[in-house]
Amino acid sequence: MIQRNIAHPALAPLAAALQSVPAPTPEVIEKDRQPMSDAPRQVMVFAAGRGTRMAPLTDTLPKPLIPVAGQTLLDRALDLARQGGADRFVVNTHYLGGQIIDHLAGNDVAISDESDMLLETGGGLRKALPLLDTGPVITINPDVVWTGPNPVAALRAARDPVRMDALLMLVPLDAAQGRQGGGDFSLDGAGRIGRKGDLVYGGTQIIRPDLLQEIEESVFSLNRLWDLQIAQGRAFGITHPGGWCDVGRPDCIPLAQALLHG
């Protein structure tokens, strides 16, 4: 059919050009058949905070090691990441960090030590970059629990690397158990996030860390990076359809356990 359609004399140059194009090799054909995915597999878990809202439980125990339904918050976060497709892990430490390091001994987890200075989420991620590959990173706050679809897997499936420098998992405010205060974000028709609204950041995202280098301070929140990405129209969000509970205070623990036990 192609030969017949290009037989007209006016198309002779095209026909000659096509004759010079080599047939694809089996290797090229097989490569084209393979799904192309830019879904990141590396995770940063934020475990350095002082956990002041969780006092007195955190007087002698770092918040990520508090058990909920028989499993520490940190182990629950790492399992969530593994089950969602991640295979490279970094955990930062500061407050009672030795306990976290001991807890993770023998696991495939790198430690970003912030014992000298607590850097907050943005500064902590930037300090941990040498322990990670280049490119986007999954970040997880361990002081929440989830039910329903795995949020890490959902983010990896939904992310469009061409358009998105950040993709946040959001929770409707009326479904955010244990939450105190209002929402964080809204979504426009294209899925871009904006400040204020009735959606809560759930504590899990995929983010490109490139713009961290433009922030001069050593200690800063990821909110600074989000603001830069929002201004460029490259920060997006999706909404979690399952259950979610903040585990930031002692009274949240029974709420979280009830949610997990269904």
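Bear in mind these aren't lab numbers, they're just calculated from the coordinates by the rules spelled out. None of these values were measured; they are calculated from a predicted model. Methodologically, a virtual Cβ is constructed for each residue, glycine included, from the backbone with ideal geometry; neighbour enumeration extends over all protein chains shown.
I'd like the full set of residues that are without any contact (Cβ under 8 Å) to a residue 60 or more places away in the chain and closer than 13 Å to Pro142 by Cα, limited to the range 79-88.
If the condition is that a residue be without any contact (Cβ under 8 Å) to a residue 60 or more places away in the chain and closer than 13 Å to Pro142 by Cα, then Asp79 is the only one that fits.
Scan the range 58-67 and tell me whether some residue there is among the polar types (S, T, N, Q) and surrounded by fewer than 13 Cβ atoms within 10 Å (Cβ to Cβ).
yes
Does Asp174 fit the bill of being over 20 Å from the mean Cα position of the chain (by Cα), part of a helix (DSSP H, G or I) and surrounded by fewer than 16 Cβ atoms within 10 Å (Cβ to Cβ)?
yes
Might you check whether a residue that is closer than 20 Å to Leu260 by Cβ, without any contact (Cβ under 8 Å) to a residue 40 or more places away in the chain, part of a strand (DSSP E or B) and of a type outside the set (Phe, Trp, Tyr) occurs anywhere in the range 51-68?
yes
Given the conditions (1) touching a residue at least 60 places away in the same chain (Cβ under 8 Å); (2) in a loop (DSSP other than H, G, I, E, B); (3) under 23 Å from Pro130 (Cβ atoms), and given that Gly242 satisfies all but one, which numbered condition is not satisfied?
With (1) touching a residue at least 60 places away in the same chain (Cβ under 8 Å); (2) in a loop (DSSP other than H, G, I, E, B); (3) under 23 Å from Pro130 (Cβ atoms) applied to Gly242, the lone miss is (3).
Suppose we filter Asp79, Asp133, Asp75, Asp116 for residues that are surrounded by fewer than 20 Cβ atoms within 10 Å (Cβ to Cβ), part of a loop (DSSP other than H, G, I, E, B) and within 22 Å of the chain's Cα centre (by Cα); which single one remains?
None of the others qualify; the one that does is Asp133.
Looking at this structure, is Gly148 in contact (Cβ under 8 Å) with a residue 60 or more places away in the chain, over 23 Å from Arg50 (Cβ atoms) and in contact with a Phe, Trp or Tyr (Cβ under 9 Å, 6 or more places away or on another chain)?
yes
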